[in-house]
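First comes the structure, then the notes that go with it.
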């Protein structure tokens, strides 16, 4: 199933958020240690994937272009507006916690390369390994985020599903027009 990686990732965020809501009293030290471990795992994974590429110029160009497009589209501001709307819709008193939790989690789960590369691999090769790894990282981090920031983290599952799902489906559609040798260089 082409969207299996995205579905597993989305489910991990929801389950982790519910677990974080149940265990709201996680000590700050534990949360900090878990997040540092997740950060280290992401760095090691990124380095190992980065060293596999033969196209460093394409890698640099993609990072710069992606950053410029993100700033031009003002994605963070749009997410904040969406988070505020969610907060007004689901809470009686808007104190900013739901929106902050939603925006923080959404940005953490979507701006990284694992969301893009994992979705591309799912769509182009039907290989969900990167998204399964991301699901584990996102699931554990959603426990910590929800226990410290609040239940707004659970709403980040929606944009994660849409973002990764759209990339996966677009990659599946585009793959019919791209030569297999070019696909190998892209991923």
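Can we say residue 155 is modelled with pLDDT under 90 and either crowded, with 24+ Cβ neighbours inside 10 Å or over 18 Å from residue 40 (Cα atoms) (or both)?
No, not satisfied.
Give 71, 76 a once-over and let me know the one that is under 17 Å from the mean Cα position of the chain (by Cα) and either touching a residue at least 40 places away in the same chain (Cβ under 8 Å) or within 30 Å of residue 154 (Cβ to Cβ) (or both).
Being under 17 Å from the mean Cα position of the chain (by Cα) and either touching a residue at least 40 places away in the same chain (Cβ under 8 Å) or within 30 Å of residue 154 (Cβ to Cβ) (or both) holds for just one of 71, 76, which is 76.
Does residue 130 meet the test of being under 22 Å from residue 33 (Cα atoms), crowded, with 20+ Cβ neighbours inside 10 Å and modelled with pLDDT of 90 or more?
In short, no.
Tell me which of these residue 77 doesn't satisfy, since it passes every other one: (1) more than 16 Å from residue 138 (Cα to Cα); (2) buried (at least 16 other Cβ atoms within 10 Å of the Cβ).
Every listed condition holds for residue 77 apart from (2).
Just checking: which of the helices (runs of 4 or more DSSP H) contained wholly in the range 99-187 hold 1 or more residues that are under 10 Å from the mean Cα position of the chain (by Cα)?
Because the criterion is at least 1 residues that are under 10 Å from the mean Cα position of the chain (by Cα), the helices (runs of 4 or more DSSP H) in the range 99-187 that meet it are 113-125, 129-149, 157-174.
Which one is surrounded by the fewest Cβ atoms within 10 Å (Cβ to Cβ) among residues in the range 23-38 that are assigned to a helix (DSSP H, G or I) and out of contact with any helix residue (DSSP H, G or I) (no Cβ under 7 Å at 6 or more places or on another chain)?
In this case the residue turns out to be 29.
The values are calculated or read from the model by the stated rules, or taken from the named source; none is laboratory data. Please read all numbers here as calculations on a predicted model, not as lab measurements. Here the Cβ is made from the backbone with ideal geometry for all residues, glycine too, and neighbour counts use every protein chain on show.
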